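The values are calculated or read from the model by the stated rules, or taken from the named source; none is laboratory data. Given the structure is predicted, the values throughout are model-derived calculations rather than measurements. Every residue, glycine as well, gets a Cβ built from its backbone with ideal geometry; the counts of neighbours run over all protein chains shown.
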Amino acid sequence: MNITINDAVLLAHATFGVLGTVSAVWVFVEALNAREENAQRTQTAALAVAIFMVAAWIFGGYWYLHFYPVERALILKGPWPFAHNLFMETKEHLFLMTLILSLYLPIAARDRLYANAAARRMVLCVAVLVVLTGLSIEGAGAIIDHGVKIALLRSAVTGAAK
């Protein structure tokens, strides 16, 4: 098995994104059942969301700068240019909102959610937005990856036919 740094960075990016999304589900469940006894768990989960999303941003940014230009060229020359033109462009902008929401979540979760219905609703809404955008971003990443795969397969088939 030959795992390159490109593979490791991309897998770390996706893994931290999924962990951040799952942690946002955790925040949602804790906030939904807000009690004084689970206030610390809610805050811990919210902090985990922020840490995981920042890690996803760092690994994704590194990968985007150092490895994606080659893949972008493949995608744009392949049969699925929309994998970059639509999905990568959308992913780039959607993640910025997800990151901001993720960084806000620990701040919002510091309030006593069990005693403040408005604060609890805010945390629930932010957590849901992080989950929905996180899932959308993961799906976009899969389409982008498939765009590279299809481009490589198509070029291998055309190269073999010549």
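Tallying residues that are under 12 Å from the mean Cα position of the chain (by Cα), over 25 Å from L113 (Cβ atoms) and crowded, with 18+ Cβ neighbours inside 10 Å within the stretch 32-67 yields 4. Within the stretch 77-84, identify whether any single residue is modelled with pLDDT of 95 or more, small (G, A, S), closer than 19 Å to V148 by Cβ and surrounded by fewer than 16 Cβ atoms within 10 Å (Cβ to Cβ), and answer yes or no. Checked the stretch 77-84: no residue is modelled with pLDDT of 95 or more, small (G, A, S), closer than 19 Å to V148 by Cβ and surrounded by fewer than 16 Cβ atoms within 10 Å (Cβ to Cβ). Does R72 meet the test of being surrounded by fewer than 21 Cβ atoms within 10 Å (Cβ to Cβ), modelled with pLDDT of 95 or more, farther than 19 Å from V25 by Cα and among the basic types (K, R)? So R72 passes the test. Here the stretch 15-31 is the region considered, the condition is being small (G, A, S) and within 18 Å of I100 (Cα to Cα), and the residue that is surrounded by the fewest Cβ atoms within 10 Å (Cβ to Cβ) is G17.
What residue, of I150, I107, I137, is in a helix (DSSP H, G or I), crowded, with 21+ Cβ neighbours inside 10 Å and among the β-branched types (V, I, T)?
I137
Residues in the stretch 7-16 include none that are in contact (Cβ under 8 Å) with a residue 12 or more places away in the chain and within 16 Å of Y104 (Cβ to Cβ). So which residues in the stretch 110-134 are assigned to a helix (DSSP H, G or I), surrounded by fewer than 20 Cβ atoms within 10 Å (Cβ to Cβ) and of a type in the set (A, V, I, L, M, F, W, C), if there are any at all? Hits for the stretch 110-134 are A117, A118, A119, M122, L124, C125, V128, L129, L132. The C-beta contact set for the stretch 98-112 (first residue closer than 19 Å to V25 by Cβ and without any contact (Cβ under 8 Å) to a residue 40 or more places away in the chain, second residue outside any loop (DSSP other than H, G, I, E, B) and not hydrophobic (A, V, I, L, M, F, W, C), distance under 8 angstrom, 6+ apart or interchain) comprises L101/T133.
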